[in-house]
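Reading through the structure tokens given below for one structure.
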Amino acid sequence: MRKVRVEASKSYDILIERGLINNVGELVRGVTNAEKVCVITDSNVGALYADRVMDSLKNNGFDAGLFTFPAGEKSKTLETVASMYSYMADFHMTRKDIVVALGGGVCGDMAGFAAATYMRGIEFVQIPTSLLAQVDSSVGGKTGADIAQGKNLVGAFHQPSLVIIDPDTLSTLPERFIHDGMGEVIKYGCIKDSELFALLENKEALYMIDDIIERCVSIKRDVVNRDEKEKGERMLLNFGHTLGHALEKIYNFEGLSHGQAVAVGMVSVTRASERAGLTESGTADRIEALCLKYSLPVSDKASAAELAAVCASDKKTSGDSVSLVFLEKIGSSFTQKIKLNELEGFIV
């Protein structure tokens with residue numbers, strides 16, 4: 001079993017092993033004395049894994065309940081989170097009990113936020129079943145929900161007690177969800193690991209996916225350990241995300257998936273930073289070629305004016321500026337503020 005240890009405000013393990021989802025009850029029992037566990041999942045993942053996870057929890061002495069919500073980003077609302085609170089209250093959960101998030105990034109973000117705020121905070125465990133969640137969103141304690149004005153504008157930092165990653169769950173995903181997760185994998189190569197980027201260029205990621213998952217979560221672990229609350233270095237993890245989130249909102253979370261939007265954002269912002277002389281020439285071409293290799297889009301019909309207008313409500317906006325992440329070159333990144341009134345001209 002691969003183990004990556006996070007040492008933030010709360011210490012916990014990220015466990016990576018094929019077939020691990022069959023041992024959830026034993027693993028959760030190892031980190032809690034809770035009596036009740038609420039498994040939160042979406043309709044797609046629940047149909048595949050909920051029975052197996054519930055049986056494992058019950059076999060290890062838990063009184064287990066199951067909350068299922070409709071799959072998709074459209075469910076990532078405060079209304080869905082409120083329904084989670086109601087279920088947990090009706091299930092008579094106390095501060096000593098625990099939530100298990102079983103699913104992709106949407107599930108992990110919302111279940112984590114519900115755990116962070118129910119009775120002012122209870123423990124939770126992440127079981128990410130999508131590539132995007134396994135390499136990124138399940139680690140680091142960011143939780144939240146979307147509101148009409150933008151993505152993840154409501155949330156909390158709340159570290160899990162354990163992250164259980166079973167790469168076998170990827171075999172049940174449609175191919176487009178694997179490509180979606182590759183957007184985040186490419187991001188890690190861009191901002192922190194030129195060797196990973198070159199590996200993705202020269203080999204097929206799926207043939208070494210266990211290694212890639214461990215490599216990505218190790219990078220994120222190191223960043224989170226140094227900057228848990230995103231005051232500095234952790235902002236680098238948002239490479240491509242400001243424009244990506246804007247695209248998601250423009251299409252009302254239906255046109256582009258998160259990984260697709262991030263891919264477009266990475267290419268667009270790097271072309272802009274190359275024009276500005278901030279980034280080594282040819283970097284955007286390499287990112288574009290790698291995104292295309294993994295069937296990710298690299299451009300969009302949305303105008304610079306539309307993107308700039310939506311970016312004004314991004315959570316990385318401060319005063320009259322927004323912080324963007326740029327690359328010096330592949331594997332080396334930095335943040336810089338751009339005036340909102342100059343953003344359209346910068347990214348055009």
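Note on the stretch 2-172: with charges restricted to the Cβ of Lys and Arg (+1) and Asp and Glu (-1), its dipole about the Cα centre is near 340 debye. Sort out for me the Cα centre separation of the stretch 126-179 from the stretch 198-239, rounded to whole Å. One Cα centre to the other: 14 Å.
Taking the DSSP beta bridges with both ends in the stretch 2-172, the antiparallel portion is around 30 percent. Taking amide H positions as modeled 1.01 Å from N, with prolines and chain starts lacking one, no residue 5 or more places away or on another chain lies under 5 Å from Ser332. Rg over Rh for the chain works out to 0.96, both radii taken from alpha-carbon positions and Rh defined as the Kirkwood radius. When Asp227, Asp90, Asp180 are arranged by Cβ crowding within 10 Å, least crowded first, meaning fewest neighbours, the order is Asp90, Asp227, Asp180.
When Glu123, Glu201, Glu230, Glu7 are sorted by how many other C-beta atoms sit within 10 angstrom of their C-beta, beginning with the fewest, the order is Glu7, Glu201, Glu230, Glu123. Rounded to the nearest Hz, the phi-derived 3J(HN,Hα) couplings of the stretch 189-204 under the Karplus curve 6.51 cos²θ - 1.76 cosθ + 1.60 (θ = phi - 60°) are x, 4, 8, 9, 8, 5, 5, 4, 4, 5, 4, 5, 5, 9, 9, 8, where x marks glycine and proline.
How many nm is it between the label spots at Ala289 and Met119, if each spot is 7 Å from the Cα in line with the beta carbon? Each label point lies 7 Å from its Cα, and together they span 5.6 nm.
As a quick test, which of the pairs Lys151/Lys229; Lys10/Lys76; Lys58/Lys151 have an alpha carbon distance above 24 angstrom in this structure?
Values: Lys151/Lys229 18 Å; Lys10/Lys76 26 Å; Lys58/Lys151 35 Å.
In this structure, Lys10/Lys76; Lys58/Lys151 lie more than 24 Å apart at Cα.
Remark on Val99: its backbone amide H falls under 5 Å from those of Cys38, Glu123, Phe124, Val125, a criterion applied only to residues 5 or more positions apart or on other chains, H modelled at 1.01 Å from N. Projecting each Cα onto the charge dipole of the stretch 175-347 (Lys/Arg +1, Asp/Glu -1 at the beta carbon, about the Cα centre), which of Tyr188, Leu327, Thr317 comes out farthest on the positive side? Ranked along the dipole, the leading option is Thr317.
If you plug the beta carbon distance of Asp227 and Ala82 into 1/(1 + (r/R0)^6) with R0 = 45 Å, you get a FRET efficiency near 0.90. What is the stretch 246-303 by shape, rounded, prolate or oblate, if you read a ≥ b ≥ c off the alpha carbon gyration tensor as root eigenvalues and call it rounded for a/c under 1.5, prolate for a/b larger than b/c, and oblate otherwise? Verdict is oblate for the stretch 246-303.
Ranked highest first by average number of other Cβ atoms within 10 Å, how do 325-335, 110-120 line up?
On the way: 325-335: 18.6, 110-120: 22.5.
So the order, starting with the most tightly packed, is 110-120, 325-335.
Can you give the charge dipole size of the chain about its Cα centre, rounded to the nearest 20 debye, using +1 on the beta carbon of Lys and Arg and -1 on the beta carbon of Asp and Glu? Value, rounded to 20: 640 debye.
Note on Ile287, Ile164, Ile219, Ile147: ascending count of other Cβ atoms within 10 Å places them as Ile147, Ile219, Ile164, Ile287, the fewest first.
Less than 5 angstrom separates the built amide H of Val154 from those of Ala145, Ile147, all sequence-distant by 5 or more or on a different chain. In order along the stretch 101-115, the phi-based Karplus estimate (6.51 cos²θ - 1.76 cosθ + 1.60, θ = phi - 60°) of 3J(HN,Hα) comes to 8, 10, x, x, x, 4, 5, x, 5, 6, 5, x, 5, 4, 5 Hz; Gly and Pro are listed as x.
Annotation for the stretch 296-338 versus the stretch 46-64: alpha-carbon center distance of 42 Å.
Efficiency by 1/(1 + (r/R0)^6): what FRET value for Ala47 and Ala89, r their Cβ-Cβ distance, R0 = 30 Å, to the nearest 0.05?
Numbers: r = 26 Å, r/R0 = 0.86.
With a Förster radius of 30 Å, E is 0.70.
Using the beta-carbon distance between Asn341 and Ala156 and R0 = 22 Å, what value does 1/(1 + (r/R0)^6) give for FRET efficiency, to the nearest 0.05? Mind showing how you got there, number by number?
Numbers: r = 32 Å, r/R0 = 1.44.
The formula returns an efficiency of 0.10 here.
Taking a ≥ b ≥ c as the square roots of the eigenvalues of the alpha-carbon gyration tensor, the stretch 2-172 is classed rounded because a/c is under 1.5.
Here, each number is a calculation from the coordinates, and none is a lab measurement. This one's a predicted model, so the numbers in the text were calculated from it and none came from an experiment. Neighbour counts run over all protein chains shown; Cβ positions are idealised from the backbone, glycine included.
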